[in-house]
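Here the structure is laid out as structure tokens; the discussion comes afterwards.
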Amino acid sequence: MSKVEPLVIIGSGPAGYTAAIYAARAQLSPILLEGSVTAGGALMNTTEVENFPGFQKGIMGPALMEEMRAQAEKFGTRFITDDAVKVDLKGDVKTIQDGSGNTYQAKAVILATGSGYKKIGLPKEETLSGRGVSYCATCDGFFFKEQTIAVVGGGDSALEEATFLTRFASKVYLIHRRNELRASRIMQQRAQNDPKIEFVWNSQVIDILGEDKVSGVKIKDTVTGEEKSLSLTGLFVAIGHEPRSELLKGQINLDENGYVQTTPASTKTNIDGVFACGDLVDHVYRQAITAAGTGCQAALDAERFLALHGIFSA
Amino acid sequence: MATLILTDATFETEIKNATTPILVDFWAEWCGPCKMIAPILEQVAAENVGKIVIAKLNVDENPKTAQALGITSIPTMNIYQNGEIVKTIVGAKPKPALLADLAAFL
């Protein structure tokens, strides 16, 4: 068993890395479990980030995360490229176990495990995953050159994916269950002005067609109930995210959708010494900059909590 | 590196001649999850010498093989035994989960 650390941060991404930058500069020498295959978080699968302040020319999502990680490392963050698989958050000393069986003990913990993509929930979605069904446009767009494909969803990520996919595909349907989008105006305009993108409004995907590979989708009009099929070879699912809070169930207060509940205007959870930030908490804003902002708050809250217990540095 | 690099030119021969199960990781430079799984595959290769061969095929430089196999997502990891695909794993996953998937071959 290792010594008791002041602070362990679970999860990378803008929230975890920013928390680490602040905590490391406060000389808390935080340990950050960045995830074995999810290090860097959701931005690792994006392309150009155009709205992160300070980067007027835009920056690639993975490059932005590399910068944040390096900044956290520079001030003394210790990175563990593994997942937290078990936590015990009660009591004065919290215990975290990683996927390789190592155990960490800490006086304070910051939770920043973010969110994962949501699935539609159709049986064929599973069997045709990797055979035309995809959750990562930047990874898989390449395989759909000159083909007809669809993106399901109506938020910024769905529109970003649709726009990105026009580099490869000859036609991209944007299937959305309502007749208006959640996405920002600039993303909407860009997609609406794109001759390769065709909007399919008020439509829900009710079946994926094809046995060995995707050959189409069956959609249902959410207003008239009318059903029809679209022929296509690729289906990109971008219908939103759900918090990665599985690990925390039964330990910490979650809302009905699984998001960690925090005291308003702070990152405090219902357990002393445990703080939460980023997309694990936020289902409203969900931006890189807001995640970074709450990561900063979590580090400051943790720092204050530790100072109250007489811990000022590692 | 403990992994074997395959190309469109060598793919079939290597699969046919393999004396142990062979896992082929189809990947590309632009794919974030591919980069995440790469070091894990290196470890699995180094820890299981003689039991399984871990090979990699860059789909950007070698599009023919991936196309012939109908691969549409990366990383895809196909496991071959006696020249036949016996298992397909799609997407990056943590090492314990990957080892569980490979248990039958190790």
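Counting only strands (runs of 3 or more DSSP E) that fall entirely inside chain B and contain at least 1 residues that are touching a residue at least 12 places away in the same chain (Cβ under 8 Å) and within 14 Å of chain A (Cβ to nearest Cβ), the qualifying elements are B:22-27, B:53-58, B:76-81, B:84-90.
The set of residues from segment A:115-133 being within 14 Å of chain B (Cβ to nearest Cβ) and in a loop (DSSP other than H, G, I, E, B) comprises A:Lys119, A:Leu128, A:Gly130, A:Arg131, A:Gly132.
Listed here are the residues, each with its yes/no results for (1) within 30 Å of A:Ala23 (Cβ to Cβ); (2) crowded, with 18+ Cβ neighbours inside 10 Å.
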residue: A:Asp212; (1), (2): no, no
residue: A:Val217; (1), (2): no, yes
residue: A:Asp221; (1), (2): no, no
residue: A:Glu226; (1), (2): no, no
residue: A:Ile252; (1), (2): yes, yes
residue: A:Asn257; (1), (2): yes, no
residue: A:Ile271; (1), (2): yes, no
residue: A:Phe275; (1), (2): yes, yes
residue: A:Tyr285; (1), (2): yes, no
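Within segment A:105-114, restricting attention to residues that are buried (at least 23 other Cβ atoms within 10 Å of the Cβ) and not β-branched (Val, Ile, Thr), the residue that is farthest from the other protein chains (Cβ to nearest Cβ) is A:Ala108. Taking (1) out of contact with any Ser or Thr (no Cβ under 8 Å at 6 or more places or on another chain); (2) more than 19 Å from A:Thr222 (Cβ to Cβ); (3) not in a loop (DSSP other than H, G, I, E, B) in turn, A:Met187 satisfies each apart from (1). Which condition number does A:Phe168 fail, the rest of (1) within 14 Å of chain B (Cβ to nearest Cβ); (2) out of contact with any helix residue (DSSP H, G or I) (no Cβ under 6 Å at 6 or more places or on another chain); (3) of a type in the set (Phe, Trp, Tyr) being met? Answer for A:Phe168: the failing condition is (2).
Of all residues in segment A:153-167, exactly one satisfies the criterion of being charged (D, E, K, R) and in a loop (DSSP other than H, G, I, E, B), namely A:Arg167.
Applying the selection to segment B:30-53, what residues are of a type in the set (D, E, K, R) and modelled with pLDDT under 95? Within segment B:30-53, B:Lys35 is the sole residue that qualifies.
If the condition is being surrounded by fewer than 24 Cβ atoms within 10 Å (Cβ to Cβ) and either within 14 Å of chain B (Cβ to nearest Cβ) or part of a strand (DSSP E or B) (or both), then segment A:1-30 contributes A:Val4, A:Glu5, A:Pro6. Taking residues in segment A:195-213 that are away from chain B (no Cβ under 14 Å), and partners anywhere that are among the hydroxyl-bearing types (Ser, Thr, Tyr) and crowded, with 17+ Cβ neighbours inside 10 Å, the pairs with Cβ atoms closer than 6 Å and at least 6 places apart or on different chains are A:Lys196/A:Thr166; A:Glu198/A:Tyr173; A:Val200/A:Tyr173.
Taken over segment A:18-45, the criterion of being hydroxyl-bearing (Ser, Thr, Tyr), more than 13 Å from the chain's Cα centre (by Cα) and under 21 Å from A:Glu246 (Cα atoms) is satisfied by A:Ser36 alone.
Scanning segment A:134-152 for residues that are within 22 Å of the chain's Cα centre (by Cα) and not in a helix (DSSP H, G or I), we see that the one that is nearest to the other protein chains (Cβ to nearest Cβ) is A:Ser134. Per this entry, A:Leu209 is counted among residues that are hydrophobic (A, V, I, L, M, F, W, C) and in contact with a helix residue (DSSP H, G or I) (Cβ under 9 Å, 6 or more places away or on another chain). Taking A:Ala299, is it small (Gly, Ala, Ser) and touching a helix residue (DSSP H, G or I) at 6+ places or on another chain (Cβ under 8 Å)? So A:Ala299 fits the description; yes.
What are the residues in segment A:214-269 that are without any contact (Cβ under 8 Å) to a residue 60 or more places away in the chain and among the basic types (Lys, Arg), if any? Matches in segment A:214-269: A:Lys218, A:Lys220, A:Lys228, A:Lys249, A:Lys268. The conditions of being assigned to a loop (DSSP other than H, G, I, E, B), in contact (Cβ under 8 Å) with a residue 12 or more places away in the chain, of a type in the set (A, V, I, L, M, F, W, C) and surrounded by fewer than 22 Cβ atoms within 10 Å (Cβ to Cβ) are met by A:Phe312. Taking the conditions (1) of a type outside the set (S, T, N, Q); (2) farther than 22 Å from A:Ser157 by Cβ; (3) crowded, with 21+ Cβ neighbours inside 10 Å in turn, A:Glu73 satisfies each one other than (3). Is segment A:84-102 home to any residue that is within 14 Å of chain B (Cβ to nearest Cβ) and buried (at least 24 other Cβ atoms within 10 Å of the Cβ)? There is no residue in segment A:84-102 that is within 14 Å of chain B (Cβ to nearest Cβ) and buried (at least 24 other Cβ atoms within 10 Å of the Cβ).
Conditions tested, residue by residue: (1) of a type outside the set (Asp, Glu); (2) more than 27 Å from A:Asp212 (Cα to Cα); (3) surrounded by 21 or more Cβ atoms within 10 Å (Cβ to Cβ).
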{"site": "B:Thr3", "(1), (2), (3)": "yes, yes, no"}
{"site": "B:Asn17", "(1), (2), (3)": "yes, yes, no"}
{"site": "B:Phe26", "(1), (2), (3)": "yes, no, yes"}
{"site": "B:Met36", "(1), (2), (3)": "yes, yes, yes"}
{"site": "B:Ile52", "(1), (2), (3)": "yes, yes, no"}
{"site": "B:Ala55", "(1), (2), (3)": "yes, no, yes"}
{"site": "B:Asp60", "(1), (2), (3)": "no, no, no"}
{"site": "B:Ile71", "(1), (2), (3)": "yes, no, yes"}
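The values are calculated or read from the model by the stated rules, or taken from the named source; none is laboratory data. Since this is a predicted model, take the numbers as computed values, not measurements. With ideal geometry, Cβ positions are generated from the backbone for all residues, glycine too; neighbour counts draw on all protein chains shown.
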